[in-house]
């Protein structure tokens, strides 16, 4: 599996879904992002034991298809340091070694099998669909975020429900 993607685009998508990753996961693979390449579309997922966030982006070019789990820290930390530039991500399908090539060098580490990542819970048949514009949702969240706490001892008070 090999693909080329903008570092800024990849970083934005990863930062958006990384918020669901807990610092103390019961399963070590939940410390990872799940990357799934099909054609020119790259699906990214992050999860904890209850919640799963997914996003999709289009890559510039792709060779092969596959699924891979990559440590969130191994992927986010170097991406934050790079300016916007094309990245070539090359995965050895047998050893799961990941090579990230950028303008002035390369970075490599080992990934995990993507099929070990937990599947999302199936949705119930009786669910309701709600479609909102992003601006409307963002405005609503901004009007309620002042009421959230920032207390590590009572994490249930830190969210908006």
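The values are calculated or read from the model by the stated rules, or taken from the named source; none is laboratory data. Note that the structure is a prediction, hence the values are computed from the model and not measured. Glycine also receives a Cβ, built like all others from the backbone with ideal geometry; neighbour counts cover every protein chain displayed.
At a glance:
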quantity: Criterion violated by residue 93 - all others in (1) farther than 12 Å from residue 1 by Cβ; (2) over 13 Å from the mean Cα position of the chain (by Cα) satisfied; calculated: (1)
quantity: Count - residues of segment 6-26 that are touching a residue at least 60 places away in the same chain (Cβ under 8 Å), within 14 Å of the chain's Cα centre (by Cα) and not in a helix (DSSP H, G or I); calculated: 0
quantity: Hits in segment 105-132 (condition: touching a strand residue (DSSP E or B) at 6+ places or on another chain (Cβ under 6 Å), at pLDDT 85 or above and assigned to a loop (DSSP other than H, G, I, E, B)); calculated: 111, 117
quantity: Hits in segment 138-152 - residues which are loosely packed, with under 10 Cβ neighbours inside 10 Å, at pLDDT 75 or above and within 20 Å of residue 23 (Cα to Cα); calculated: 150
quantity: Matching entry among 82, 75, 87 (being surrounded by fewer than 19 Cβ atoms within 10 Å (Cβ to Cβ), touching a helix residue (DSSP H, G or I) at 6+ places or on another chain (Cβ under 7 Å) and more than 16 Å from residue 118 (Cα to Cα)); calculated: 82
quantity: Breaking point among (1) at pLDDT below 90; (2) within 17 Å of residue 121 (Cα to Cα), for residue 34; calculated: (1)
quantity: Residue list for segment 38-50, filter: out of contact with any strand residue (DSSP E or B) (no Cβ under 7 Å at 6 or more places or on another chain) and either more than 17 Å from residue 22 (Cβ to Cβ) or exposed (fewer than 13 other Cβ atoms within 10 Å of the Cβ) (or both); calculated: 38, 49, 50
quantity: Failed item in (1) loosely packed, with under 10 Cβ neighbours inside 10 Å; (2) modelled with pLDDT of 90 or more; (3) touching a helix residue (DSSP H, G or I) at 6+ places or on another chain (Cβ under 8 Å), with residue 135 passing the rest; calculated: (3)
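So that you can scan it fast, the table gives a plain yes or no per residue for (1) surrounded by 19 or more Cβ atoms within 10 Å (Cβ to Cβ); (2) farther than 30 Å from residue 159 by Cα:
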position	(1), (2)
14	yes, no
26	no, no
29	no, no
34	yes, no
66	no, yes
109	no, yes
